[in-house]
Amino acid sequence: MSEEIYYPNPEFAKDARINSMEQYWELQNSAKEDYEGFWKGYADEKIEWLEPYDKVLDESDAPFYKWFTNGKMNVSNQCIDRHLATRGEQTAILFEGDKGDVEHITYNQLSQRVNKMANLLKNEFGIKKGDRVVLYMPMIPEAAYAMLACARIGAIHSIVFGGFSAEALKDRIEDAGAKLVITADGAYRKGKPYMLKPVVDEALGQGGESIEAVLVVKRNNEAIEWVEGRDHSYNDLIDAQSDECPFEPMDSEDPLFLLYTSGSTGKPKGVQHSQAGYILWAQMTMEWVFDVREGDVYWCTADIGWITGHTYIVYGPLAAGTTTVMFEGVPTYPDAGRAWSMVEKHKITQFYTAPTAMRLLHKMGQDEPKKYDLSTLRVLGTVGEPIDPAAWKWYYEVVGGSKASIVDTYWQTETGGHMISPLPGATPIKPGYATFPLPGIMAEILEADGTPTPVGEKGLMCITRPWPSMIRTIWGDPERFVKSYFGDVKKDGKPVYFTGDGAMMDEDGYIKITGRTDDVINVSGHRIGTAEIEDAIKKVDAVAVSAVVGKPHDIKGEGIFAYIVLKEAGSADTETIKAEINAVLKQEIGAIALCDQIAIVPDVPKTRSGKIMRRILRAIAKGEPITQDTSTLEDPSIVPAIEKIVQEG
């Protein structure tokens, strides 16, 4: 079947950094011909080196690769100081609070505030190079100041998403051996205050003996417990600090930050990223994928607690010298027009969000974008999961006015930045496809024995050459690092990085991500990816969101259970929707993929970053008790509501 193809807007393309597929292939071929020379050229151009490196890539201890060995630089300098002479009065961070309060923080102001925070960490708490600092913060500017202050003095930050429970926070503190927690009393969400400091208190009441102090930013000024000698007020201490703080020369391979994967089963994994390679790729992908330029206002709707927030709210945009938006609230409060009103008000040029958030915006206000002037938008991005063609089309036509380019980005916490993505001025788009690896990224779809997967068939998504922003190790557990990422696939006898995702390539070389290889349902011996089933279900007009899980079946082994959120509540009954869904599944996949059971639900359980928690849905489908912590969910009350629907269904 031939897919619809959308070509880049010619007006956009003529000024884009990469403006044709010919230019893309020239870059990619140059990387293949001289891999180290390719990366050396960009490292020399983009990074302000304090001392030169002696080797681009050291593969002697693979897979513990080292980039730009013995080079010295500083990420805080890369993001702030080197911009001050040319863009000191430009807005670096544009903050909008949940209640609509707005603050423009210039690069000069950012420099002063980061220096003050760095001095506070050094002088009051004795934080030095190599110490670990845990951040448990809301989406406020002080979170960015803390990240950059740690980078400035060589401390290793580890951000724990502000929705995680006390136990999850404690586990991460203990694994990192952190000395300091930086938190806030709380913040605002949907017009109401919520609290963070009590969770820190609970976590430290359970363990975390390495913590010597807690630094608290006052945001919502709600009453909090105060532990004498341990807890300190950022607001009371910061003004006395000097706004000058020299940055620490850091080795290219010194750790920059740890970011723990969810750890819902087993011990959480502390993904360790380095300095030079990470910031280089963060800046390059900002320039290539989002095509940022002078005067742009860029908005990523993620939370800093996730890798998307690290790379594409703080480090990447600031390294690229652009204006980055930090938003405390949710894009559907006080109504479905909040995101679009912000685009109009701030003249936002790039908008980067998750397909889940986009589907919710579509469901709540399909025609809402038409009420606002969104003409400044040039690039629309998606992150976190593949975007289905129907949602893609709405995003393109209604939000982007059929003019803005859409970049459906594929990457992971471990990759540090985008791996596969359209280039907005060059790549013809097939909705639903991640398209091509970025220049310098050697991505291949392989079988477990390293042979290429045939065109049109599903295989394993692998990166076959090391790249600068890749994970360096799992903190304190190098054996787990090797086993987790380099233990499954070999090419030419050598282990390669396996993403854990399945993928397929079409006859034009376009890559489509088919979902986690371990997220499959085994129906009568046939392994079917849940993403594949969900993509088909989304073609039913009445369906806004679908989430599919396996349920034990006496004959088939596993049957297919689908949770369905309708675009309009009550618009159809269960049997009618089931019949429509199964007709599409039979057509798209085959009779083997028919749903045995569906439940029409008001929403599905998802984290605040938009990830659907299928483990909870599996437990409900099986009638098992929910043992997983639901405090990380966008709306924890949805779980008992779904349980009731399934039990009564």
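At least 1 residues being of a type in the set (G, A, S) and over 26 Å from P389 (Cβ atoms) is the threshold, and among the strands (runs of 3 or more DSSP E) wholly inside region 531-649 those reaching it are 557-566.
One line per residue, one yes/no per condition, for (1) in contact (Cβ under 8 Å) with a residue 40 or more places away in the chain; (2) out of contact with any Cys (no Cβ under 6 Å at 6 or more places or on another chain); (3) crowded, with 23+ Cβ neighbours inside 10 Å:
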residue: F327; (1), (2), (3): yes, yes, no
residue: D335; (1), (2), (3): no, yes, no
residue: P355; (1), (2), (3): yes, yes, no
residue: P369; (1), (2), (3): no, yes, yes
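Say whether the condition of being within 22 Å of H418 (Cβ to Cβ), modelled with pLDDT of 95 or more and acidic (D, E) is met by at least one residue in region 295-314. Yes, some residue in region 295-314 is within 22 Å of H418 (Cβ to Cβ), modelled with pLDDT of 95 or more and acidic (D, E). Pairs are defined by a Cβ separation below 6 Å, a sequence spacing of at least 6 or placement on different chains, a first member in region 205-221 that is farther than 19 Å from A146 by Cα and at pLDDT below 95, and a second member that is aliphatic (A, V, I, L, M) and crowded, with 21+ Cβ neighbours inside 10 Å; the pairs so defined are G208/I173. Within region 123-136, track down each residue that is over 18 Å from R230 (Cβ atoms) and either of a type in the set (F, W, Y) or touching a helix residue (DSSP H, G or I) at 6+ places or on another chain (Cβ under 8 Å) (or both). Across region 123-136, the qualifying residues are K128, K129. Residues that are modelled with pLDDT of 90 or more, on the phi > 0 side of the Ramachandran plot and either among the acidic types (D, E) or out of contact with any Gly (no Cβ under 6 Å at 6 or more places or on another chain) (or both) do not occur anywhere in region 534-546. Quick one: is V102 under 23 Å from G162 (Cα atoms), hydrophobic (A, V, I, L, M, F, W, C) and surrounded by fewer than 20 Cβ atoms within 10 Å (Cβ to Cβ)? It is true that V102 is under 23 Å from G162 (Cα atoms), hydrophobic (A, V, I, L, M, F, W, C) and surrounded by fewer than 20 Cβ atoms within 10 Å (Cβ to Cβ). Restricting attention to region 154-174, the residues that are assigned to a helix (DSSP H, G or I) and either out of contact with any strand residue (DSSP E or B) (no Cβ under 6 Å at 6 or more places or on another chain) or without any contact (Cβ under 8 Å) to a residue 60 or more places away in the chain (or both) add up to 8. Filtered by the rule that a residue be of a type outside the set (D, E, K, R), over 25 Å from K14 (Cβ atoms) and assigned to a loop (DSSP other than H, G, I, E, B), region 435-467 gives I441, M442, A448, G450, T451, T453, P454, V455, G456, T464, P466, W467.
Residue-by-condition table, conditions (1) touching a Ser or Thr at 6+ places or on another chain (Cβ under 8 Å); (2) surrounded by 19 or more Cβ atoms within 10 Å (Cβ to Cβ); (3) within 19 Å of D603 (Cβ to Cβ); (4) not charged (D, E, K, R):
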residue	(1), (2), (3), (4)
T530	no, yes, yes, yes
D535	no, yes, no, no
V543	no, yes, yes, yes
E558	no, yes, no, no
F561	no, yes, yes, yes
E568	no, no, yes, no
T576	no, no, no, yes
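The values are calculated or read from the model by the stated rules, or taken from the named source; none is laboratory data. It should be emphasised that the depicted structure is a prediction, and the values quoted were computed from it without experimental measurement. Neighbour counts are summed over all protein chains in view; Cβ atoms, including those assigned to glycine, are modelled from backbone coordinates with ideal geometry.
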